[in-house]
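Shown next, in structure tokens, is the structure this report addresses.
The values are calculated or read from the model by the stated rules, or taken from the named source; none is laboratory data. If you're wondering where the values come from, they're calculated on a predicted model, not measured in any experiment. Methodologically, a virtual Cβ is constructed for each residue, glycine included, from the backbone with ideal geometry; neighbour enumeration extends over all protein chains shown.
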Amino acid sequence: MKKVTDKFEFLSNDYYLSLVNFDDPNDPIRRIIIPHTDELSNWGSLDASHEDIYTKVPGLQHKYRETALLLVSDACGGLCRFCFRKRIFIGDGNEIERDITDGLNYIREHPEITNVLLTGGDALMMSTKRLEEIIRQIREIRHVKIIRIGTRLPAFYPYRIIEDPGLIDMIHQYSLSDRRIYFMTHFNHPREITDIAIQAMYMLRSSGAVTVNQTPIIRGVNDDSNTMAELFKKLSYIGVPPYYIFQCRPVVGNENYAVPVEEAYHVIEEAKGMVSGLAKRARFTMSHMSGKLEVIAVADGMIHFKYHQAADVRDIGRVLSFKSNPRAYWLDDYRSQDSLKKAN
């Protein structure tokens with residue numbers, strides 16, 4: 001591990017490590033959390049989606065018209081080996097802003113922002129007192145209707161939720177009938193959905209929060225259709241609808257965790273064929289610099305993308321079609337293929 005941890009930090013806890021089968025070198029939970037020399041491959045960049053260009057004031061990103069991101073925490077309950085923001089944990093964390101005054105002022109001045117996402121890091125790693133202070137100030141901005149809390153703690157450490165009644169009371173106070181708090185959870189594998197995690201999710205929903213799940217598709221974790229289908233099923237059973245399946249971003253250290261786009265598409269579509277309509281609502285998307293592209297079809301030697309969201313609102317709904325490339329991991333792989341063809 002030391003060769004890897006000299007470059008990328010390692011962090012976990014007793015609860016999450018108890019889910020690992022250490023007798024199995026290919027155990028998917030082990031793959032998520034335990035450093036591996038796979039991470040030392042020379043591939044990708046630290047900011048594959050160029051989030052820096054959408055930073056409007058320190059700690060705030062505004063890429064999509066309706067949604068602003070406040071980066072409020074540089075801590076997580078564990079560090080996924082394929083984290084797309086690992087730059088936060090290997091640098092000085094200067095993207096995170098403890099004083100969100102400028103961010104709140106920016107949101108106040110932009111009435112088109114109806115959604116604010118609290119992320120980092122993991123927003124639930126903050127104390128409930130600090131989290132409430134932030135949520136209270138956002139609730140005073142009338143055009144913000146939804147507050148999203150991005151968190152992996154229901155998977156990493158669900159005791160954060162069940163052992164803090166103050167958190168549940170706070171959600172009940174601020175998740176209003178017409179302006180909800182959403183929890184964007186990150187269950188990556190069905191074995192993370194333990195009895196204690198199910199209890200935590202029940203408590204969040206009972207407090208008035210809305211819960212949905214998103215996960216990347218990761219080699220050796222959930223890259224087969226049976227595992228993905230089981231994840232979809234378990235999430236639907238506990239009332240946490242699958243929301244997004246993300247293409248793994250080409251970030252430094254992620255090469256051996258990524259699945260080519262077209263292979264991932266077929267895995268996800270096959271998994272959807274095994275579940276009910278309520279369990280197959282996830283969209284397979286790619287968080288590209290230009291926007292959030294949904295992979296809508298791979299057929300007849302072509303792949304088709306549609307802008308589900310876009311930095312330029314004129315691109316929303318736009319369809320992009322490229323010749324199939326089974327070795328492509330990112331939109332740029334298709335674009336460079338087209339550029340090469342035109343040059344020839």
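Going by the conditions given, is A264 in a helix (DSSP H, G or I), surrounded by 15 or more Cβ atoms within 10 Å (Cβ to Cβ) and not β-branched (V, I, T)?
In short, yes.
Of the set (1) in contact (Cβ under 8 Å) with a residue 40 or more places away in the chain; (2) surrounded by fewer than 21 Cβ atoms within 10 Å (Cβ to Cβ); (3) not β-branched (V, I, T), all apply to S18 but (1). Among strands (runs of 3 or more DSSP E) entirely within region 267-344, having at least 1 residues that are free of Cβ contacts under 8 Å to residues at least 12 places away in the same chain singles out 291-299. Return a yes/no flag: does region 81-97 have any residue that is modelled with pLDDT of 95 or more and outside any loop (DSSP other than H, G, I, E, B). No. Scanning region 57-69 for any residue that is at pLDDT below 95 and within 17 Å of the chain's Cα centre (by Cα) turns up nothing.
Please work out if I238 is under 30 Å from Y202 (Cβ atoms) and either out of contact with any strand residue (DSSP E or B) (no Cβ under 9 Å at 6 or more places or on another chain) or of a type in the set (A, V, I, L, M) (or both). It is true that I238 is under 30 Å from Y202 (Cβ atoms) and either out of contact with any strand residue (DSSP E or B) (no Cβ under 9 Å at 6 or more places or on another chain) or of a type in the set (A, V, I, L, M) (or both).
Within region 223-243, is there a residue that is at pLDDT 95 or above, within 18 Å of R152 (Cα to Cα) and among the charged types (D, E, K, R)? For region 223-243, residues at pLDDT 95 or above, within 18 Å of R152 (Cα to Cα) and among the charged types (D, E, K, R): present. Once region 137-154 is narrowed to residues that are β-branched (V, I, T) and assigned to a strand (DSSP E or B), the residue that is surrounded by the fewest Cβ atoms within 10 Å (Cβ to Cβ) is I146. Of everything in region 195-214 that is hydroxyl-bearing (S, T, Y) and out of contact with any Leu (no Cβ under 7 Å at 6 or more places or on another chain), the residue that is surrounded by the most Cβ atoms within 10 Å (Cβ to Cβ) is S207. Here I147, I196, I168 are screened, and the one residue that is aliphatic (A, V, I, L, M) and under 17 Å from the mean Cα position of the chain (by Cα) is I147.
Does I162 satisfy the criteria of being surrounded by fewer than 19 Cβ atoms within 10 Å (Cβ to Cβ), hydrophobic (A, V, I, L, M, F, W, C) and out of contact with any helix residue (DSSP H, G or I) (no Cβ under 8 Å at 6 or more places or on another chain)? The answer is no for I162.
Under the condition of being outside any loop (DSSP other than H, G, I, E, B) and over 13 Å from L131 (Cα atoms), the residues counted in region 174-194 number 9. Quick check on my filter: what residues within region 10-66 are charged (D, E, K, R), part of a loop (DSSP other than H, G, I, E, B) and under 25 Å from M286 (Cα atoms)? Within region 10-66, D47, R65, E66 meet the criteria. Just for region 118-130: of the residues that are farther than 16 Å from V144 by Cβ and hydrophobic (A, V, I, L, M, F, W, C), which one is farthest from the chain's Cα centre (by Cα)? Going through the qualifying residues, I end up with M126.
If the condition is being in contact with a strand residue (DSSP E or B) (Cβ under 6 Å, 6 or more places away or on another chain) and either crowded, with 17+ Cβ neighbours inside 10 Å or closer than 20 Å to E262 by Cα (or both), then region 306-329 contributes K306, Y307, H308, Q309, A310, A311, R318, V319, L320, S321, F322, S324.
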